[in-house]
Amino acid sequence: MAKKKSASAKAKASNGSTSPAAAGPSKLPTPPHSPEPAQKRPRRETPGENNSDDEDEVERVTGGKSAATSPVNGKPPTPLSASMAETSASPAPEPLSTPTLTAAELKDKGNAEFKKQRYDTAIEWYSKAIDPSEPTYLTNRAAAYIAQKRFAPALADCQRAHSLQSAAPSAKTLLRLAKCQLALGDTASALSSVGQVLTLAPGEKSAKEMETRIQRVDQHLERYRQAKSTGQGTMARISLQEAERESEGFGEGTRWRCWRVEALISAGKLDEAAQAVMDAARVDRESTEVLYLRGLVLFLQNQLPKAVTHCVEVLRLDPDHTRARTLMRRVRAVEAKKDEGNNAFKSGRLQEAVNLYSEALELIGDKQEEAKGGVIRGVLLSNRATAEVKLDKLDEALADVTASLELQPGNYKAMRTKARILLQQEEYEAAVREFAAALEQAKQDGASDARALAEEHRKAEVALKRSKTKDHYKTLGIKKDADERDIKMAYRKLSLVHHPDKGGDEEQFKTIQEAHSVLSDPERRRRYDLGEDEEGMGGGGGMNQMDPEDIAHIFQFMGGGMGGGGGGGGRRRPGGNPFGQSGFSSGGGFSF
């Protein structure tokens, strides 16, 4: 009767007509050999002896990166139900509720599922078969975990199996243990495990090869750590990539993923770091280190409230996580200083705003391993530059906004600030280029102030064009928003200084007259401000232009006054007194 039941069970295993209660993993490519077959009793192994196809199976399943074992785009394996829906031809795994199977038979069921690459179901069979005194079941389950890149539970099973085999250590168990340790980034322990294998069997080829591989990985990781600590972000990233290449598919553990994130941060690639840390979180949702790094990336990306939330979650899971607590306090302090600085700026307390932004920047720092402060530092440098412009500290402002753009090259507001500074410094060509770049970026961003930015760009082009001819405002020493009274006063003062009769330069005096002629006429000034060419704008006449002889008449008035007919008779030309009849007092002086 027992034989019939056994035959029936085997028949069910071969046709696979029923479905398990638990969901399995995603479909994978060509299945490897199954783990070692069931044994009634554990047998002492000779180190290095291939006592079953178990070791071959592990090497084939876990020896390299493949579509079968690597997450796609960092996503966890597809549930079995989805896999079966896609491949209806694949036979369904056998149910796990058979009450009459022995531990060895349960293990065989797990092996059968392992061959079909249904690792979740295989793990359940192995778990049901677990015998506290039988290490084979643990190592087989570890193989299934390794196939899924679940190295932490695989490590636990291998450690437990190795403990059971302490009287007669198994080379295969130790090698599998070393692979798990390597995958989890513990190269020192991995070398120790391989060393035990070589002590048992000095000529074991696979152990020697693995020892060499781990040593190379360790060398690359040491270079990675040195580069990261000295601010060589690009070199750190390259060294880590070399270590991953040498690991041959075992660089998928959480620690490796965290190293990857740190390398990207150090290289200043915050967007890539954000994606990498999200991938790591999908694989290991409870890792406090992953959550901490996610908080750090958010902080550097200027997402301060979210950064605090992640730090709080880390501390909920691990109240003693010092780095998370320090980061949380730092983020909150930066946010407070930033808000206070913004409020001071809006209230017109510009120097106070500069001081508060400076305090926030001090808290952020500029360490290479933190992307030199990232976007948050760039934003605060730009804010401080804007306040410095209003304080007429143009050199300091230019230095700040240039540093800001190194940290956030695509920030059109920082580009605009830099363009405005360059325009004020009369670096017209550079200003036009910067306005053009800012406008292009604003359009790409769909910014609402793109139209206003376009107008600023146009005015910069006018200023550039005007700079190549004559700058009438500069000639008179007045601002571009000067009113009629400012223009008159400037003209009078300069005329007295540069008149040829008083030892002045005649050409300079003509330039002053030309500037006054254009700027004192509203229509001509408007056209000049627009950069339009005006026929005759160069100084040919007009009601508001004076001849050198006209100004001589002014000097006569100043010398002798207007009273009593004294003061001489300078000849008057048509066109009238540009200063108006009320420009003089009865005592002969200027009336300001």
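Bear in mind that the values in this text are calculations on the coordinates, not laboratory data. The shown structure was predicted, so the numbers you read here are calculated from the model rather than taken from an experiment. Every residue, glycine as well, gets a Cβ built from its backbone with ideal geometry; the counts of neighbours run over all protein chains shown.
Over segment 472-531, what is the relative contact order in whole percent, taking alpha-carbon pairs under 8 Å and six or more residues apart? Write out the running numbers ahead of the final one.
Numbers: 51 pairs, mean separation 21.1, N = 60.
That works out to 35 percent.
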Per-residue Cβ neighbour rank within 10 angstrom, fewest leading, Ser206, Ser358, Ser495 = Ser358, Ser206, Ser495
For segment 472-531, the spread of Cα positions along each principal axis, largest first, Å = 35, 20, 16
Applied in sequence order to segment 283-294, the curve 6.51 cos²θ - 1.76 cosθ + 1.60 (Karplus, θ = phi - 60°) yields integer Hz couplings, x standing for Gly and Pro, of 7, 9, 6, 9, 6, 5, 5, 5, 4, 4, 5, 4
Which entries in the list Lys269/Lys459; Lys337/Lys443; Lys115/Lys149 go over 28 Å, if you measure between the two C-alpha atoms of each?
-> Lys269/Lys459; Lys337/Lys443
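From the square roots a ≥ b ≥ c of the eigenvalues of the alpha-carbon gyration tensor of segment 139-227, which class results: rounded (a/c under 1.5), prolate (a/b over b/c), or oblate? Intermediate results must be reported in sequence, preceding the final value.
Numbers: a/c = 2.18, a/b = 1.27, b/c = 1.71.
Verdict is oblate for segment 139-227.
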Footprinting proxy, Ile238, Ile376: sorted fewest to most Cβ within 10 Å, the residues are Ile238, Ile376
Compare the Cα positions of Ala122, Ser163, Ala178 along the charge dipole of segment 103-222 (+1 at Cβ of Lys, Arg; -1 at Cβ of Asp, Glu; about the Cα centre) and return the one farthest towards the positive end.
-> Ala122
Loop-only check: which GluC sites (Glu not before Pro) in segment 213-306 are DSSP coil with at most 14 other Cβ within 10 angstrom?
-> Glu286
Quick note on Val312, Val277, Val432, ordering by fewest other C-beta atoms within 10 Å, gives Val312, Val432, Val277
